[in-house]
């Protein structure tokens with residue numbers, strides 16, 4: 001009898017799909033604010049919660065990518081970059097779902113969002129910092145506008161601390177330069193040992209080196225092209241995001257105090273890995 005009881009207890013504690021993935025807790029996280037609530041608010045919540053999960057995964061992959069680059073591991077770096085690019089494609093595809101919501105449907109609950117806004121996403125800011133963005137006050141925002149990298153986040157909060165920490169450590173491009181140096185390429189020492197708290201600016205010496213990489217080092221050139229894939233994916237996501245917002249609210253102010261479409265449009269056509277784009281016209 002006791003054996004059966006013990007077996008039953010063990011069965012009750014056995015890991016299941018529901019317990020492993022915390023499904024019950026997960027399904028309780030969608031809490032609409034609108035009266036009723038409005039039918040389409042559930043889609044809005046789920047899409048944005050899903051984005052945050054993908055941002056978490058991108059940060060996870062980016063950390064592994066930097067480690068593999070600095071270890072000189074070409075094949076793992078290529079695999080990780082390919083995964084990150086695929087995640088970006090998935091993020092773009094999710095906009096198709098969000099665009100099934102008409103402006104009238106979105107505005108039926110928009111007022112209930114109060115001051116919450118997508119630009120407040122700490123994880124996306126952290127991802128931007130990992131990619132190399134360093135403008136603490138925001139590239140296009142005046143100081144104290146609340147639209148900078150971390151300025152809108154609560155001082156001392158874990159979210160703000162993560163963004164600030166990401167801006168204080170090497171970015172993916174810094175790790176890439178170290179990877180290229182380990183393969184014997186002529187990376188300027190002042191860039192290898194630069195102040196990583198300051199944003200990187202394109203450098204003609206690096207561009208000359210990258211041309212040599214493409215001509216003489218097929219493996220390293222493949223890594224560089226995967227970085228271009230990632231950069232292109234991010235730019236595609238930004239463009240689709242801008243057009244989705246314009247399609248939904250036009251040129252209204254953003255709910256979080258930004259200028260909405262105009263603010264988002266300022267982020268377009270700003271490559272992350274500028275040197276890799278600059279060499280296109282030099283081959």
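Coordinate-derived values only; no laboratory data. Since the model is a prediction, treat every value here as computed from it, not as a measurement. Please note: Cβ atoms are built from the backbone with ideal geometry, for glycine as well, and neighbour counts cover all protein chains shown.
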(message) Under the 0.36 nm per residue contour assumption, what length would be gained going from the current alpha-carbon distance of residue 75 and residue 17 to full extension?
(response) 17.6 nm
(message) Helix-only estimate, please: 222 nm mean residue ellipticity of the chain, summing -39500 (n - 2.57) across DSSP H runs of length 4 or more and dividing by its residues, to the nearest 500.
(response) -19000 deg cm²/dmol
(request) Run through every distinct alpha carbon pair of segment 68-114 and return the Kirkwood hydrodynamic radius in angstroms, one decimal place. (result) 13.7 Å
(request) Any chance you could give the angle, 0 to 90 degrees and rounded to 10, that helix 74-98 forms with the longest Cα principal axis of the chain? (result) 50 degrees
(message) Could you give me D for the chain, from Stokes-Einstein at 20 °C and 1.002 mPa s, where the hydrodynamic radius is the Kirkwood radius over C-alpha pairs? Units µm² s⁻¹, please.
(response) 101 µm²/s
(request) Report the relative contact order of the chain, percent, no decimals, based on alpha-carbon pairs under 8 angstrom and at least 6 residues apart. (result) 21 percent
(request) Treat each spin label as a single point 7 Å out from the Cα along the C-beta direction, and report the residue 208 to residue 104 distance in nm. (result) 6.3 nm
(message) Between 0 and 90 degrees, rounded to the nearest ten: what's the tilt of helix 158-167 against the longest Cα principal axis of the chain?
(response) 10 degrees
(message) At R0 = 25 Å, how high is the FRET efficiency between residue 56 and residue 155 if r is their beta carbon distance? Nearest 0.05 is fine.
(response) 0.65
(request) Take segment 1-130, compute every pairwise Cα distance, and split them into 10 Å bins from 0; I just need the percent in each bin. (result) 10, 27, 27, 19, 13, 5, 0
(message) Contact order normalised by length for segment 25-180, with contacts defined as Cα pairs under 8 Å and 6 or more residues apart; what percent is it?
(response) 27 percent
(request) Note the angle between two axes, namely the Cα long axis of helix 2-13 and the longest principal axis of the Cα atoms of the chain, as a number of degrees from 0 to 90, rounded to the nearest 10. (result) 60 degrees
(request) Could you pull out which residues in segment 111-128 have an amide N less than 12 Å from a spot 7 Å beyond the Cα of residue 270, following the Cα-Cβ vector? (result) 128
(message) Show me the ranking of peptides 238-250, 188-200 by mean Cβ neighbours inside 10 Å, starting with the highest.
(response) 238-250, 188-200
(request) Determine Rg/Rh for segment 6-77; Rg is computed over alpha-carbon atoms and Rh is the Kirkwood hydrodynamic estimate from the same atoms. (result) 1.22
(request) Quick one: among 63, 72, 184, which has the greatest mean-square fluctuation in a GNM of the chain with alpha-carbon springs under 10 angstrom? (result) 184
(message) Considering the Cα positions of segment 64-221, please state its Rg to one decimal place and its Dmax as a whole number of Å.
(response) 19.3, 59
(request) Have a look at 27, 230, 43 and tell me which one the Gaussian network model of the chain (Cα, springs below 10 Å) gives the largest fluctuation. (result) 27
(message) Per 0.36 nm of contour for each residue apart, how much would the distance between residue 67 and residue 246 grow if the chain were fully extended, relative to their Cα-Cα spacing?
(response) 60.6 nm
